[in-house]
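Here's the structure, in C-alpha cells; my notes come after.
The values are calculated or read from the model by the stated rules, or taken from the named source; none is laboratory data. What you are looking at is a predicted structure, and each value in this text was computed from that prediction instead of being measured. Neighbour counts run over all protein chains shown; Cβ positions are idealised from the backbone, glycine included. Side chains included, ligands, DNA and RNA excluded: accessible areas come from the protein's heavy atoms. Shrake-Rupley method; radii C 1.70, N 1.55, O 1.52, S 1.80 Å.
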Amino acid sequence: MQSDVFYMARAFKLARLGRFTTAPNPNVGCVIVRDGEIVGEGYHLRAGEPHAEVHALCMAGEKARGATAYVTLEPCSHHGRTPPCADALVAAGVSRVVTAMQDPNPQVAGRGLYQLQQAGIEVCHGLMLAEAEAVNPGFLKRMRTGFPYVQLKLAVSLDGRTAMASGESQWITSSQARQDVQRLRAQSAAILSTSATVLADDPALTVRWDELDAETQSLYPQENLRQPWRIILDSQNRVTPQHRVVQQPGATWLARLQPDKQAWPQDVEQLIFPAHGGGVDLVVMMMHLAKRQVNSIWVEAGAQLSGALLQAVLVDELVLYLAPKLLGDDGRGLCHLPGLEQLADAPEFVFSEVRQVGPDLRLRLRAKYG
Ligand code: AOF
Ligand code: ZN
C-alpha cells in the first residue's frame, strides 16, 4: 500500500501532460485507487473535452465504488462546457477524495469540496499544495487577480548587454537556448512584443513544431497545433499587413490607441486601449487580455517594454538566458528604467532556478514586489 503522496505525485505527473494544450483551462490530473491498486487514471487535455476525473472514472468503471480519488485541483461543481465532476464522483460511489488545492474559479471556489462532503464522502484537502501552485501559474493568477501571469524573456551577455551598439543581436544565445524558447512559447497562451521589434527584425513569433524537442513534440500534436495569440503593442500604427507577424497561422492582436482602415488578414484584430505615458495603458491592456481568457503571456521585446512592464508591476517572472560572451561597454542594456535613482527603488527578484542550456545558463527569477 503506497502513501497519499505517492498517488498524488502520479496525478501531478499526469496533469503536466496537458501543459501545452489545456489553456485557458487548468492542468489537472486524477488517479483512482482501490485496495492499493490504481484502477483509473486521467488528465485534462483540452478545454471543451472531459475533465481529468471523468477520464479516470471511465477507466475505473465499477471499480470506482469505495475507491479513493486523488485530484490535483478541487473537482468542479458547475455546468461549464462539461457537467460537474463532483456529481460524477458521487455517482460513481467513491468513498474518499484527496485534493491538492481549492479551485479559485469563482464558479467553483469550495463548492466542489462542499458537495462531496454533503454526499458523505471523506474529503482531504491541501496535499502537495506547492506543486498545485507550480503546475498552473497562469490559470491561478488570472482567476485570483484578473491579470495574466507575465514572463519576461531576456537574453544577455555576461556583461548584461542584449545587443552590440549597432543593434546586431540575433544570435547572442545558442541554438539550444532558442529551442528552449520555442518550448516556453508553446506553453504560453500568448506572446507579447512591440512594433519596434517587428520593424527591426520582422519576426514570425510562432511556435515552429520541427524546432521543438522530442518530448514537447509528443505532447503538442502537429495536426492540432495551437499557436499562442500574438499581441503587438503598436501605439503609432506602424505595423502593416506586409509584416510577417500578421501573416502567420493563428490570431494576431494589434494593441493600439486608434484603429486604421487597412485591409488586414482575417485573424488580425485591432484592440483599442486608452493612452498612458504616450503608449498603450499596459494595466488596462492586461486586464482586458485576462478577460479574453489569456492565462499567461510570454514577452519577447526590447529594453523599453521590459522596463515599462517592470515599472508597472506587471511582471511575475524573468526567464533570462545568459550567454558566455562579453559585448563591451557600448553594447545595449537590458531594461530601460527611467527615473530610477535610488537602490531602494530598484526592482528585486528571487532566483527560483538555475540551469545550463547548451553553452548558456537559463536563470528563472520571481519578481519580488513591495
Ligand atoms: C476539474 N477537473 O480536469 C478541470 C477543471 O468549461 P469547462 O466545463 O471545461 O470548465 C472549466 C473549469 O473547470 C475551469 O475554469 C476550472 O475551474 C475547472 N477545471 N476542473 O475538476 C479538470 N479542467
Ligand atoms: Zn470538472
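Brief remarks follow.
- Selection from region 69-113 of residues that are open to solvent by 20 Å² or more (accessible area, probe 1.4 Å), within 9 Å of ligand 2 (Cβ to nearest atom) and closer than 26 Å to D35 by Cα: A88
- Single residue of region 33-59 satisfying the filter (among the aliphatic types (A, V, I, L, M) and under 21 Å from the mean Cα position of the chain (by Cα)) that is surrounded by the fewest Cβ atoms within 10 Å (Cβ to Cβ): A47
- Only a single item in (1) over 25 Å from the mean Cα position of the chain (by Cα); (2) β-branched (V, I, T); (3) part of a loop (DSSP other than H, G, I, E, B); (4) within 11 Å of ligand 1 (Cβ to nearest atom) is not met by V108, and it is number (1).
- Residue that is nearest to the chain's Cα centre (by Cα) [pool: residues in region 138-162 that are over 28 Å from T216 (Cβ atoms) and outside any helix (DSSP H, G or I)]: G146
- Scope region 326-348; condition closer than 25 Å to A177 by Cβ and over 30 Å from the mean Cα position of the chain (by Cα); matching residues: L326, L327, G328, D329, D330, G331
- Set V90, V39, V97: member being among the β-branched types (V, I, T) and within 24 Å of M143 (Cα to Cα): V97
- For the criterion of being assigned to a helix (DSSP H, G or I), within 14 Å of ligand 1 (Cβ to nearest atom) and more than 28 Å from W229 (Cβ to Cβ), Q115 passes.
- Of all residues in region 43-62, those that are closer than 13 Å to G29 by Cβ have Cβ atoms under 6 Å from Cβ atoms of residues that are of a type in the set (F, W, Y), 6 or more apart or on another chain, in A52/Y43.
- Checking each residue in region 246-271 for being among the aliphatic types (A, V, I, L, M) and touching a strand residue (DSSP E or B) at 6+ places or on another chain (Cβ under 6 Å) picks out V246, A251, L254, A255, L257, V268, L271.
- Strands (runs of 3 or more DSSP E) fully within region 179-286 counting 2 or more residues that are more than 30 Å from D360 (Cβ to Cβ): 252-256, 268-272
- Being in the same structural domain as A190 (by the TED database), open to solvent by less than 50 Å² (accessible area, probe 1.4 Å), under 15 Å from W298 (Cβ atoms) and in contact with a strand residue (DSSP E or B) (Cβ under 9 Å, 6 or more places away or on another chain) is a property that P241 lacks.
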